[in-house]
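Contents: one structure, followed by commentary.
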Amino acid sequence: MSRIGKNPVVIPAGVTVTVKDSVITVKGKLGELSQEFSDVTVKVEDNQVIVERSSDHKNDRAKHGLYRSLINNMIIGVSVGFTKELEFVGVGYRASNQGQKLDLAVGYSHNIVLEIVPEVTVETISEKGKNPIVKLSSFDKQLLGQVSAKIRAFRKPEPYKGKGIKFVGEVLRRKAGKSA
């Protein structure tokens, strides 16, 4: 049996979960999320969401833990929310925002202007002597990861000097340079 899938998801106060046909909808103070599911049954009982599978086929076992994790992320997202921080390491690397427009200077001949979706709030932190940090927060974990991966893809960190856009706390594999 799936160790993740068999654990029930506790519904905190202020969050409502409804299941209709094969769609689960979660509403909370930060927003509303919905997810389609198949090959599993989802029940809401006693402030808990229980995910059960119909058979022991490999596909059903895989989806058992998957949908439990997706539902858990939805409940955490609408009640608490998620944040990701990106650090810009490099000489002349800058980031600034005006509303939902993010302006990036990451070593190209031009600045990159990126329009961030309204579900993701963006904040830039620039302190003298420290690397600029872009703080992204949202109630949708999938969308947040997609936006942060898109920003990181503009200049991935390189292994020699560590220059590029990296997540705060990310450990990079460093290489030694040429030996003289």
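Values for this structure:
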{"read-out": "Count of the stretch 139-180 residues which are part of a helix (DSSP H, G or I) and of a type outside the set (A, V, I, L, M, F, W, C)", "value": "7"}
{"read-out": "Answer residue from the stretch 88-111, given it is of a type in the set (A, V, I, L, M) and open to solvent by less than 50 Å² (accessible area, probe 1.4 Å) and is farthest from GLU158 (Cα to Cα) among those", "value": "LEU102"}
{"read-out": "Qualifying position, being among the acidic types (Asp, Glu), surrounded by fewer than 19 Cβ atoms within 10 Å (Cβ to Cβ) and under 20 Å from the mean Cα position of the chain (by Cα), among GLU52, GLU85", "value": "GLU85"}
{"read-out": "Qualifying residue in the stretch 142-164 (condition: touching a helix residue (DSSP H, G or I) at 6+ places or on another chain (Cβ under 9 Å), surrounded by 14 or more Cβ atoms within 10 Å (Cβ to Cβ) and either over 30 Å from GLN48 (Cβ atoms) or of a type in the set (Asp, Glu) (or both))", "value": "yes"}
{"read-out": "Among residues of the stretch 92-111, those that are closer than 19 Å to SER148 by Cβ and either under 18 Å from the mean Cα position of the chain (by Cα) or outside any loop (DSSP other than H, G, I, E, B) (or both), counted", "value": "10"}
{"read-out": "Enumeration of residues in the stretch 112-140 that are of a type in the set (Lys, Arg) and either touching a Leu at 6+ places or on another chain (Cβ under 9 Å) or open to solvent by less than 50 Å² (accessible area, probe 1.4 Å) (or both)", "value": "LYS135"}
{"read-out": "Meets criteria (open to solvent by 40 Å² or more (accessible area, probe 1.4 Å), at pLDDT below 95 and touching a strand residue (DSSP E or B) at 6+ places or on another chain (Cβ under 6 Å)) for GLU32", "value": "no"}
{"read-out": "Set LEU114, LEU136: member being assigned to a strand (DSSP E or B), among the hydrophobic types (A, V, I, L, M, F, W, C) and at pLDDT 95 or above", "value": "LEU136"}
{"read-out": "Wholly within the stretch 39-91, strands (runs of 3 or more DSSP E) carrying at least 1 residues that are touching a helix residue (DSSP H, G or I) at 6+ places or on another chain (Cβ under 8 Å), of a type outside the set (S, T, N, Q) and more than 17 Å from LYS6 (Cα to Cα)", "value": "82-89"}
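The values are calculated or read from the model by the stated rules, or taken from the named source; none is laboratory data. Note that the structure is predicted; figures quoted are calculated from it, not measured. Quick reminder, even Gly has a Cβ in these numbers, built from the backbone with ideal geometry, and neighbours come from all protein chains shown. Side chains are part of the model used for accessible areas, which takes the heavy atoms of the whole protein and leaves out ligands, DNA and RNA. Shrake-Rupley method; radii C 1.70, N 1.55, O 1.52, S 1.80 Å.
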